[in-house]
Amino acid sequence: MIFVLTGAGISRESGIDTFRDKGGLWEQVRVEDVATPEGFARDPARVYEFYDKRRRELQSGAIRPNPAHAALARLARSREVFLVTQNVDDLHERGGSPAVMHMHGELLSALCSKCGARSRWTGDLGAKDACPACGAAGGLRPDVVWFGETPYFMEEIARAAERCDLFVSIGTSGAVYPAAGLVKIARANGAGTLEINLEPSQNAAFFDGGLYGPASAKVPEWADRVLRESGASGDQ
Ligand code: OAD
């Protein structure tokens, strides 16, 4: 099984800013303001507004999956792929990937702090909105995992990292744990490891090899090679 972990770099060429590159999101806003429970408690309106803007942009038509997203979908048609993304966008789904684990949540979802339900949410979100599951108003928040919170599906993800044959990390800086530690789990259990990124990440030493360049070129190159080597074209 191939374990693929993606980060913001895979969506960069689709028009979504990364976090830590020059001019990235964390240079535009303060993490403490928009990506922590404390920031939300201090100024919920600001946090709703930040994610509303990103949710609107995602659905504006200007942001579309790129060849890297499509290549992963192609790969999954012939090989067992366990796809985990740190991204909150829906570009893997729109690119055709059949199953995507969003470990840091999803922009197009709202989380009810009263009943815990996660509901699909495509419009703006506010303090007065009612939860579609329990009906309670005032408890909805963006369904994005903030700093200090536990990512989704961690047990399942760690188990998959233990049993994969190949671990591939795409477009992530390796700065945020636990995602950044998954390569070590895979490696300790005998998997091969490959990094595909614009440049060597701070975790590069944990990978057997690297393919460096834009994801839209390097991911299709790699995926098509895997498909050729396993005798499948991926076009069916
Ligand atoms: P980062 O912004 O930290 O890293 C993006 C990586 O993508 C960098 O290593 C870039 O070199 C690389 N990159 C940029 N453009 C690329 C391209 N066109 N092709 C290939 N690689 C490219 O983003 P993440 O690692 O995803 O968490 O960040 C991890 C988490 O930190 C995010 O999920 C988010 C953030 O805080 C939460 O919000 C909880």
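Considering only residues in the stretch 29-49 that are within 18 Å of the chain's Cα centre (by Cα) and in a helix (DSSP H, G or I), the one that is surrounded by the most Cβ atoms within 10 Å (Cβ to Cβ) turns out to be VAL34.
Select, from GLY126, GLY135, the only residue that is out of contact with any strand residue (DSSP E or B) (no Cβ under 9 Å at 6 or more places or on another chain) and either part of a loop (DSSP other than H, G, I, E, B) or surrounded by 15 or more Cβ atoms within 10 Å (Cβ to Cβ) (or both). Walk me through how you get there before you give the answer.
Values: GLY126 fails: out of contact with any strand residue (DSSP E or B) (no Cβ under 9 Å at 6 or more places or on another chain).
On inspection, the qualifying residue turns out to be GLY135.
Selection within the stretch 146-198: residues that are without any contact (Cβ under 8 Å) to a residue 40 or more places away in the chain and polar (S, T, N, Q). The member of this set that is surrounded by the fewest Cβ atoms within 10 Å (Cβ to Cβ) is THR150. For GLY116, are the conditions met, namely being within 28 Å of ALA160 (Cα to Cα) and out of contact with any Leu (no Cβ under 6 Å at 6 or more places or on another chain)? Against the criterion (within 28 Å of ALA160 (Cα to Cα) and out of contact with any Leu (no Cβ under 6 Å at 6 or more places or on another chain)), GLY116 qualifies. Check the stretch 227-235 and report whether any residue there is surrounded by fewer than 18 Cβ atoms within 10 Å (Cβ to Cβ), away from the ligand (no atom under 16 Å from the Cβ), not aromatic (Phe, Trp, Tyr) and not in a loop (DSSP other than H, G, I, E, B). Within the stretch 227-235, one or more residues are surrounded by fewer than 18 Cβ atoms within 10 Å (Cβ to Cβ), away from the ligand (no atom under 16 Å from the Cβ), not aromatic (Phe, Trp, Tyr) and not in a loop (DSSP other than H, G, I, E, B).
Specify the residue that is surrounded by the most Cβ atoms within 10 Å (Cβ to Cβ); the eligible residues are those in the stretch 63-109 that are part of a strand (DSSP E or B) and touching a Lys or Arg at 6+ places or on another chain (Cβ under 7 Å). Step through it out loud before you land on a result.
Step one: of the stretch 63-109, the residues part of a strand (DSSP E or B) are 81-85, 101-102, 105-109.
Pick out the ones that are also touching a Lys or Arg at 6+ places or on another chain (Cβ under 7 Å) and you get 107-109.
Numbers: LEU107: 23, LEU108: 18, SER109: 20.
Among residues in the stretch 63-109 that are part of a strand (DSSP E or B) and touching a Lys or Arg at 6+ places or on another chain (Cβ under 7 Å), the one surrounded by the most Cβ atoms within 10 Å (Cβ to Cβ) is LEU107.
Laboratory data are not the source of any read-out in this text; all were calculated from the coordinates shown. This structure is a prediction, so every number in the text was calculated from the model and none was measured. Backbone-built Cβ (ideal geometry, glycine too); neighbour counts: all protein chains shown.
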